[in-house]
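Any read-out appearing in this document is the output of simple, stated calculations on the displayed coordinates, not a laboratory observation. All values reported here derive from a predicted model rather than from experimental measurement. Counting neighbours? That spans all protein chains shown, and the Cβs are built from the backbone with ideal geometry, glycine included.
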Amino acid sequence: MAQLLQILAATQKCCSLRVTFLLIALIMIFFSYKSYLYPRSQKPESTQADVNLTVREHRGLQSVKLSRMLYRQPQVLTPARKDVLVVTPWLAPIIWEGTFNTDILNEQFSLRNATIGLTVFSIKTYMIFLKQFLQSAEMYFMVGHRVIYYIFTDKPEYVPYLNIQKGRQIIILEVESYYDHWQDISMQRMEMISNFCQERFHQEVDYLVCSDVDMRFSDHVGVEILSSLFGTLHPGYYGLNRTDFPYERRPQSQAHIPKDEGDFYYIGALFGGSVPEVYKLTKACHEAIMVDQANHIEAIWHDESHLNKYLLYHKPSKVLSPEYLWQQQQMDHMHDQEMIFSKIIRRKKLKVLKKNYQLKNWIEEGSGLRLF
Ligand SMILES: CC(=O)N[C@H]1[C@@H](OP(=O)(O)OP(=O)(O)OC[C@H]2O[C@@H](n3ccc(=O)[nH]c3=O)[C@H](O)[C@@H]2O)O[C@H](CO)[C@H](O)[C@@H]1O
Ligand SMILES: [Mn+2]
């Protein structure tokens, strides 16, 4: 009997041990299930490891080589430029030489596989500027990236033949110019760009850079300028009070900006952004120009005045410093301004060509007159 009791006790002990094991196992399963449901409860190390693995697998599939990039560490306590404003009050960077690393930007941009469109108008006599513009763009504009030059012209047969880099393309867009005055032709650009954004740009490019033709690139202009919406500081007015900007001041015009408003004075010769943003900008400016026309008023600096009004109320996400557009003629008349500039302008990336403004309205093609 005593032996029987001993056996029974041993069996009970064994059972309770089994139950304990079972319970422990159940608890463990429960917690591991919980952490599966709530991955945030995982340790950071394990999350990190997963991410690395995914990146490697993803890159393996895309056969992109993992390359090491060596560059100077950014120093939090050492500003890149102390002499100029490098960020606007709405936190858009102002692009100055010395504030960015081209290699990092190129590497990041290449991964996005994006295409840049450069729009330029060569209507009537302005065809004479096109060759130099394109040749210099081939040397300095977005080198190593995919570029489409969109040339708006009324004389496609005069577009020079150029050997361009691989991955780049010239597309000639024949447009009729129904205007005689250069001011109207300049303003007409807003309408044409907005129409072509809808027609084809949105299918062909990611970014648009819109520029005058009477200029030449003289230094690197790369992906550092690209952003959803960008404008360029006019070299003649940077550093002035807003009251001295040549904004349109007549309230009758759609471009009107009162004396107590304004951030910067932007130049009409270089702006851009993503296709949807450039579409919105050019459409709004064109519509404002049409309203002015109906009211028999022309803004003081034409499309540039409307551009300034637009960028005041639709803040650009990047602002290009005057390094991106240099106009020596203007500097010749502004000695104080030149003094400021000679210290802060480290590079002159695009130079406006000299032309005789009095001849603008009546120069005939082939008349042999030199514009610059
Ligand atoms: C450097 C600069 O400050 N540029 C701006 C400035 O005058 P600009 O004196 O630079 O204007 P502009 O004569 O260069 O005209 C603007 C652009 O329109 C095109 N065009 C013009 C006339 C013509 O007969 N054929 C032709 O193709 C061409 O691409 C030219 O570059 O003010 C203009 C409006 O007043 C524009 O806002 C310009 O962007
Ligand atoms: Mn111009």
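Out of every Cα pair in the range 267-327, what percent are spaced more than 17 Å from each other? Don't jump to the answer; show the numbers that get you there.
Values: 766 of 1830 pairs.
For the range 267-327, the share of Cα pairs beyond 17 Å comes to 42 percent.
Set the Förster distance to 56 Å, then compute FRET efficiency between N295 and R68 from the Cβ-Cβ distance, nearest 0.05.
Values: r = 61 Å, r/R0 = 1.09.
My answer for the efficiency is 0.35.
Just to be sure I understand: if I project the alpha-carbon convex hull of the range 142-223 onto a plane and average over all orientations, what area do I get in nm²? Let's see the in-between values first.
Details: hull surface 25.4 nm².
Averaged projected hull area, Cα only: 6.3 nm².
Quote the convex hull volume per residue of the range 94-359, based on C-alpha atoms, as a whole number of Å³.
Numbers: hull volume 33.5 nm³, N = 266.
For the range 94-359, the hull spanned by Cα atoms encloses 126 Å³ per residue.
Label-point separation (nm) for Y161 and K259, each offset 7 Å from Cα along Cα-to-Cβ?
Going by the 7 Å Cα→Cβ label model, 6.0 nm.
Sort L77, L130, L173 so that the residue with the fewest other Cβ atoms within 10 Å of its own Cβ comes first and the one with the most comes last. Kindly include the intermediate steps, with their values, before the conclusion.
Numbers: L77 4, L130 22, L173 15.
So the residues, fewest neighbours to most, are L77, L173, L130.
Which value, in debye to the nearest 20, describes the size of the charge dipole of the range 94-359 about its Cα centre when Lys and Arg Cβ atoms bear +1, Asp and Glu Cβ atoms bear -1, and nothing else is charged? Don't jump to the answer; show the numbers that get you there.
On the way: 27 positive and 33 negative charges, 113 e Å.
My answer is approximately 540 debye.
Name the trypsin sites (Lys or Arg not before Pro) in the range 134-189 that are in a loop by DSSP and that have at most 15 other C-beta atoms within 10 Å, would you?
On the way: sites: R146, K166, R168, R189; in loops: K166.
Within the range 134-189, the qualifying trypsin sites (Lys or Arg not before Pro) (loop, at most 15 other Cβ atoms within 10 Å) are K166.
With label points built 7 Å along Cα→Cβ from the Cα atoms of D103 and K343, find their separation and express it in nm.
3.2 nm
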